[in-house]
Amino acid sequence: MALQDIFRKKLYEYIIKKYFKNCKSIVDIGAGNSNYLYIYAQKKNVNFYKIAKSMGKKVDAIDLEPESKEIKKLDFKYIKRHYDGFFSSYFFEHINVIDYMEIAKKYCDKVIVTITTDYFKGFWDEPTHVRPYTIKSVNALYWWYGFKPVKSIKFYPTQSFMVVGNRIKNN
């Protein structure tokens with residue numbers, strides 16, 4: 001297993017134990033590898049939804065371009081059921097996040113976790129990037145849509161970061 005896969009596996013296990021410990025149901029949004037990753041031979045060998053399932057969580061994995069039968073072909077805009085947790089990794093920068101946060105506000109009951117990339121020199125070289133986000137902007141989105149940010153962390157030396165938010169009661 002490559003070093004980056006070991007890191008990713010340990011990170012996902014930590015996230016599940018720490019932030020999704022009180023969640024029975026989780027949706028992994030953008031669970032696939034995307035055509036762009038295939039082109040550049042950067043296939044994910046470690047998947048959040050597989051690790052969460054192995055740790056006893058009920059997980060639905062969705063993507064517009066699923067590469068396996070375990071992943072449902074579904075646009076996040078068509079989520080029509082409640083989940084305790086929402087998880088997305090390297091997905092925010094590819095979508096209109098206002099639509100995503102509206103769905104999260106309606107269907108995410110406890111915890112939302114976002115891993116995304118900060119702006120970097122080659123950001124616009126990836127043709128499906130819509131816009132870059134910062135830790136500050138993701139925190140603001142969480143607040144606006146009824147989630148209290150409880151953890152924001154930059155993953156050095158990468159261009160990535162994670163923001164975790166808990167649902168604010170009565171929202």
Using θ = phi - 60° and Karplus 6.51 cos²θ - 1.76 cosθ + 1.60, couplings along segment 117-130 (whole Hz; Gly, Pro as x) | 9, 7, 5, 9, 3, x, 3, 7, 6, 8, x, 9, 5, 9
Antiparallel DSSP beta bridges within segment 60-171, as percent of all bridges there, nearest 5 | 60
Under 17 Å Cα-Cα from residue 80, which aspartates and glutamates qualify once same-chain neighbours fewer than 8 residues away are excluded?
-> 28, 60, 63, 99, 102, 109
With every protein chain left in place, what is the accessible area per residue of the chain in square angstrom, probe 1.4 Å?
-> 55
For the chain, the accessible surface attributable to carbon and sulfur atoms (probe 1.4 angstrom, ligands and nucleic acids excluded) amounts in percent to 56
How would you classify segment 90-164 from its alpha-carbon gyration tensor, with a ≥ b ≥ c the square roots of the eigenvalues: rounded for a/c under 1.5, else prolate if a/b is greater than b/c, otherwise oblate?
-> oblate
Candidate aspartates and glutamates for bridging to residue 21, where Cα separation is under 13 Å - those fewer than 8 sequence places away on the same chain excluded | 13, 84
Not counting the cut sites, what is the longest span of the chain without GluC sites (Glu not before Pro) that DSSP labels loop and that have at most 16 other Cβ atoms within 10 Å?
-> 71-171
Do any of 24/110; 57/169; 10/50; 77/154; 77/106; 17/58 go past 18 Å between their Cα atoms, and which?
-> 57/169; 77/154
Length-normalised contact order of the chain in % [C-alpha pairs under 8 Å, at least 6 apart] | 19
What's the Kirkwood radius of the chain in Å, using all Cα pairs?
-> 16.2
If you build a Gaussian network model of the chain, linking Cα atoms that sit under 10 Å apart, which residue out of 112, 98, 15 swings the most?
-> 98
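The values are calculated or read from the model by the stated rules, or taken from the named source; none is laboratory data. The model shown is predicted, which means the values in this text are computed figures rather than measured ones. Cβ atoms come from the backbone with ideal geometry, glycine included; neighbour counts cover every protein chain shown. Note: areas computed on protein heavy atoms with side chains; ligands, DNA, RNA excluded. Shrake-Rupley method; radii C 1.70, N 1.55, O 1.52, S 1.80 Å.
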